[in-house]
Amino acid sequence: MHKGRLAAVPRYLGQDFDHTAPGHRFYLYAKLWQPDWTLCEEEGNGTTRKSARVAELAAISRLTLNEASRPNPNIALVNALVERQQWLAESILRQPGRRILQLPARAVAPVATGLGMEHPLENGFAFLTPYGLPYLPGSSIKGVVRAAARELASGAFPDLDPAGWDEQAIDALFGPPVADGEAEDAKRRQGALRFWDAFPLPPMNGSLLMAEIMTPHQAHYYMQNEPPHDSGSPVPIPFLAIAPGARFEFVVECDLRRLREHRETLVDGERWRQLLQAAFEHAFKWLGFGAKTAVGYGAMETDTLELQQRERAARKAQERAAREERERAEQEARAARLAAIEDPLLRELEQLLEERPNKDEPDYVFLIPQLESGRFAGNEARVAEEIKKRMEAAGRWNPEGKGSKPAQRKAHQYTLRVLKHLKE
């Protein structure tokens, strides 16, 4: 390159990719690598690497998937994953012998997942490949809920209601434990439940991820077999976590045919659903999901507001379906009634009455203008006779003009209009 000349390169090169999925930034694009894929060199007491760790985690944690100020493809991506699960759940519900439990929840504490994965920051994080979005694996969810069911069934906690859990129910729903040498038979011993991955959605206002710090003390005692003392130098360790307020959708699939084979009583009245909800509630409150649950991470609660909204939506859907069914039955009854009328003219009259916009309007009030418009040319007398019958049945036929009340005078006017066509 000649001196004084600048190379024309794309502006985005070398800049931060704000819309890059957090998982890709955490692993592939982390600002910790040298061109040869080795970590950046430490200076002094590891200040360079330590500062790079904190800075990179802070940058990743600031990624807000629900940022409305500018479009973010990660928003569409995480919503697409959730919508795909919803579509799959609806398709499964249409299949015989299969049911779905959907339970919305919110994190009330940070959720650390995948800390044991290898990473230059010493603590990894569970991102779904290839999307680069955080998630809770279904296998992890199953393990936590099974542990909650075992605690409820054990009776070791007198203050806890077992909610109907026992070892037989656990084996039927989760599958009995597989001993050594029985791996080939594991499929036959599979339980009736299948736990889906859970994808966290960001809080209404805030980021989905956050940077946390753990500071282990007495490392010289635990790792170097030295006597404990207070003159050590604790090293803060940063790690990623899902922020409190994140929304989760737990989806569990139940194979009713398999469940009937092992515990048919759990199918009656959808008893399995009640047991599973109780186990989730216990896991939310006492166990937690992910890592570091012993110090309060991973605690959740059922999103009661979302449940209430879904219940209202379900009721409205049921009411709408019932209303549509009634309307369909009424239409079929009307069609059958019209088909039973042999006289084409009378059938046409009934068809007009069925299609009138105001069903509360008396028949004769609607038919008289139709008669006067010339619609029934050549059949005026027959139509007028039919209108007369309907007015007589309603007590509104008044050729003599009896009575002085407005309704009686109006009935007399209608009668005169019909008589005009009868005389013709």
Query - Filtered residue count, the range 382-407, keeping only those that are in a helix (DSSP H, G or I), of a type in the set (A, V, I, L, M, F, W, C) and either at positive phi or over 59 Å from the mean Cα position of the chain (by Cα) (or both) - result: 1
Report task. Report, by residue number, each residue of the range 162-180 that is touching a residue at least 60 places away in the same chain (Cβ under 8 Å) and closer than 15 Å to TRP286 by Cβ. Result -> ALA163, TRP165
Report summary line: Restricting the range 361-381 to residues that are polar (S, T, N, Q) and assigned to a loop (DSSP other than H, G, I, E, B), the one surrounded by the fewest Cβ atoms within 10 Å (Cβ to Cβ) turns out to be SER373
Query - GLU301 vs. criteria assigned to a strand (DSSP E or B) and not aliphatic (A, V, I, L, M) - result: yes
Query raised in the report: Would you call GLU386 modelled with pLDDT under 90 and either surrounded by fewer than 18 Cβ atoms within 10 Å (Cβ to Cβ) or hydroxyl-bearing (Ser, Thr, Tyr) (or both)?
Result: no
Requested in this report: Give me a count of the residues in the range 247-274 that are touching a Pro at 6+ places or on another chain (Cβ under 7 Å) and of a type in the set (S, T, N, Q).
Outcome: 0
Report summary line: Of the residues in the range 284-308, those that are of a type in the set (D, E, K, R) and either touching a Cys at 6+ places or on another chain (Cβ under 8 Å) or closer than 25 Å to GLY124 by Cβ (or both) come to LYS292
Requested in this report: Answer yes if at least one residue in the range 259-274 is part of a loop (DSSP other than H, G, I, E, B) and among the polar types (S, T, N, Q), and no otherwise.
Outcome: no
Report task. Answer yes if at least one residue in the range 225-245 is closer than 21 Å to VAL145 by Cα, in contact with a Phe, Trp or Tyr (Cβ under 6 Å, 6 or more places away or on another chain) and either in contact (Cβ under 8 Å) with a residue 40 or more places away in the chain or in a loop (DSSP other than H, G, I, E, B) (or both), and no otherwise. Result -> no
Query raised in the report: Residues ASN79, ASN74, ASN123: which one is closer than 24 Å to LEU28 by Cβ and in contact with a His (Cβ under 7 Å, 6 or more places away or on another chain)?
Result: ASN74
Report task. Could you tell me whether any residue of the range 211-223 is in contact (Cβ under 8 Å) with a residue 24 or more places away in the chain and within 18 Å of ALA89 (Cβ to Cβ)? Result -> no
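The values are calculated or read from the model by the stated rules, or taken from the named source; none is laboratory data. Just so you know, these numbers come straight off a predicted model, no measurement behind them. Cβ: placed from backbone, ideal geometry, glycine included. Neighbour counts: every protein chain shown.
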